[in-house]
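Note sheet for the following structure.
Read-outs throughout are calculated quantities, based only on the coordinates presented, and are distinct from any laboratory measurement. In this text the structure is predicted, and so the values were computed from the model without any measurement. All Cβ positions, even for glycine, are placed from backbone atoms using ideal geometry, and neighbour counts span all protein chains on display.
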Amino acid sequence: MNEDTEKLLKEVNSGCKMATNSMEQVMPITKNKQLKAIIEKYNGMHIKLGDECHVLLNESENDEKDPSLMAKAMSWISTEMKLMLNDDSHKVADILIDGCNMGIKSLSEYVNKYTAATPESIDIAKRLVQLEKDFMNELLAYL
């Protein structure tokens, strides 16, 4: 596995983990059953894509990349603070949409940066970008 492929897959894996961490953080306080079902659906899809990425990394004996402890802590604290003030469906959707936007932006940058990555790794990154776009579009109904 070349270096660009490894780096791209690690970023995809990290992005999937950040997304699932955020979704699992807001699920227990999400009161709207339809919104909760959407979050659960996309959480499962992120887990599946992350598992796919994990398999590719393991095949080449590369370690996965966890989100940095600082990024995880800041995300958790930010989400908790926002939800402390308002935990309605609008705020949950707003927080998750912000996360989708960050994921779309950073993954698109990585796809453009790691140009020597394999087509398979670029495909998985683009599928995660599309997954984030689809999730965001479903969340827009709750704003």
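Can you tell me which of Lys36, Lys31 is outside any helix (DSSP H, G or I) and closer than 21 Å to Ala141 by Cα?
Checking each option against the conditions leaves just Lys31.
From the residues in segment 1-26 that are among the β-branched types (Val, Ile, Thr) and under 15 Å from Leu131 (Cα atoms), which one is surrounded by the most Cβ atoms within 10 Å (Cβ to Cβ)?
Val12
Every residue in segment 39-52 that is farther than 16 Å from Ala141 by Cα and either outside any helix (DSSP H, G or I) or under 12 Å from the mean Cα position of the chain (by Cα) (or both), please.
Selection gives Asn43, Gly44, Met45, His46, Ile47, Lys48, Leu49, Gly50.
Identify all residues within segment 27-38 that are crowded, with 19+ Cβ neighbours inside 10 Å and either among the polar types (S, T, N, Q) or under 14 Å from the mean Cα position of the chain (by Cα) (or both); write none if there are none.
Passing the criteria: only Thr30.
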